Amino acid sequence: MKIRKGFVAATIAASMLLSLAPVRADAFCLWNCSYTKTKYPIVLAHGMSGFDSLFGVYEYFYGIPSALRNQGATVYTTQVSQFNSTQQRGEQLLAQVKTIVAATGKGKVNLIGHSHGGLDVRYVAKVRPDLVASVTSVATPHKGADLANYLRANVSGGSFTESVLAFFANSLGTVLGLLTGHSNPQDALAGLDSLTSSGLAAFNAAYPAGVPTTACGSGAASVGGIRYYSWSGTGVLTNLLDISDASLGLSSLFYSESNDGLVGRCSSHLGTVIRDNYFQNHLDEVNQILGLVSIFESSPVTLFKDHANRLKNAGL
Ligand code: CA
């Protein structure tokens, strides 16, 4: 029994060390050092309840910025309200994009958003297309998320449950904001409404660029000179050691199509669909938690690096 416990502890410890490896391995570059050297800076935008880094150390896009920088990219992570409407989050992101453009003098940026972040970047591209070279979404529910539909339908307006849900989400957002040194306003219900099918139908009508006009097709590859791309996963239970897999397994039951635990395959389509069925769940896509992803699928870090190379080759 003692031996078995020791083995489990050693396995977990080894796995944690391995999961940290990408950060260390990317601390210096030995080959192909301009693979991700895009013309314009890469700006990463987080999803609902996300953050740029906790205590200035723990990253939302785990190990990804350093991997991209190591092979030549200039990368910025951004921070908006964890829970709020796309318009509110989009305005906060836009302010940061303006600062980045001014600081780098490059004129434009390549925007990449995960989950709700993919809607924020679409907002910025619509409001200030002159500042945007490309828009990429990773597992963004462009046609809505079934879980958001369920929650909205089962939380009646103004009820006690709604207040309690909103309180917890707003508090979580505020705590995450404090931990990350930001204090953006939180509005959980506005955030939820932004992710329902009806919320997205209204958003897509006002911000249509790149959105497929058919149920599960691709969108326009380029709109007004801005390139549009997307990718996503349909894995759910991908790593036995990751405690988040169980909750994603439960949330995936709310979906009628294959999904990553929170976003459906077809709903994730925007512009050129790079791929929509990686064996990755909603957190794997940003290399969470602590790099615990499937060992049978391409590393999420590799997917981001390959995409930076794709942007570079497109002259972006
Ligand atoms: Ca994971």
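Within segment 257-275, the set of residues being more than 16 Å from the ligand (Cβ to nearest atom), touching a helix residue (DSSP H, G or I) at 6+ places or on another chain (Cβ under 7 Å) and open to solvent by 50 Å² or more (accessible area, probe 1.4 Å) comprises just one member, 257. Taking each residue of segment 275-294 that is in a helix (DSSP H, G or I) and looking for partners that are near the ligand (Cβ under 8 Å from one of its atoms) and open to solvent by 10 Å² or more (accessible area, probe 1.4 Å) with beta-carbon atoms closer than 7 Å, six or more apart or interchain, yields 284/238; 284/293. One residue stands out in segment 215-246 among those that are of a type in the set (S, T, N, Q) and either within 10 Å of the ligand (Cβ to nearest atom) or surrounded by fewer than 21 Cβ atoms within 10 Å (Cβ to Cβ) (or both): the one that is modelled with the lowest pLDDT, namely 244.
Go through the residues of segment 66-77 one by one and say whether even a single one is of a type in the set (Phe, Trp, Tyr), open to solvent by 30 Å² or more (accessible area, probe 1.4 Å), over 28 Å from residue 190 (Cβ atoms) and in contact (Cβ under 8 Å) with a residue 24 or more places away in the chain. Looking through segment 66-77, none of the residues is of a type in the set (Phe, Trp, Tyr), open to solvent by 30 Å² or more (accessible area, probe 1.4 Å), over 28 Å from residue 190 (Cβ atoms) and in contact (Cβ under 8 Å) with a residue 24 or more places away in the chain.
Name the residues in segment 247-256 that are more than 16 Å from the ligand (Cβ to nearest atom) and either buried (at least 19 other Cβ atoms within 10 Å of the Cβ) or without any contact (Cβ under 8 Å) to a residue 24 or more places away in the chain (or both), would you? If the condition is that a residue be more than 16 Å from the ligand (Cβ to nearest atom) and either buried (at least 19 other Cβ atoms within 10 Å of the Cβ) or without any contact (Cβ under 8 Å) to a residue 24 or more places away in the chain (or both), then 253, 255 are the ones that fit. When residue 306 is tested against (1) closer than 23 Å to residue 143 by Cα; (2) away from the ligand (no atom under 16 Å from the Cβ); (3) open to solvent by 40 Å² or more (accessible area, probe 1.4 Å), only condition (1) is not met. Evaluate segment 276-294: report whether one residue or more is out of contact with any Phe, Trp or Tyr (no Cβ under 8 Å at 6 or more places or on another chain) and away from the ligand (no atom under 15 Å from the Cβ). Yes, that holds for at least one residue.
Quick check on this structure: which one of 148, 125 is at pLDDT 90 or above and open to solvent by less than 10 Å² (accessible area, probe 1.4 Å)? Step by step, each of 148, 125 is checked, and only 125 is at pLDDT 90 or above and open to solvent by less than 10 Å² (accessible area, probe 1.4 Å).
The values are calculated or read from the model by the stated rules, or taken from the named source; none is laboratory data. All of these numbers come straight from a predicted model, not from anything done at the bench. Don't worry about glycine lacking a Cβ; one is built from the backbone with ideal geometry, like all the others, and counts go over all protein chains shown. Ligands, DNA and RNA are excluded from the accessible area calculation, which covers all protein heavy atoms including side chains. Shrake-Rupley method; radii C 1.70, N 1.55, O 1.52, S 1.80 Å.
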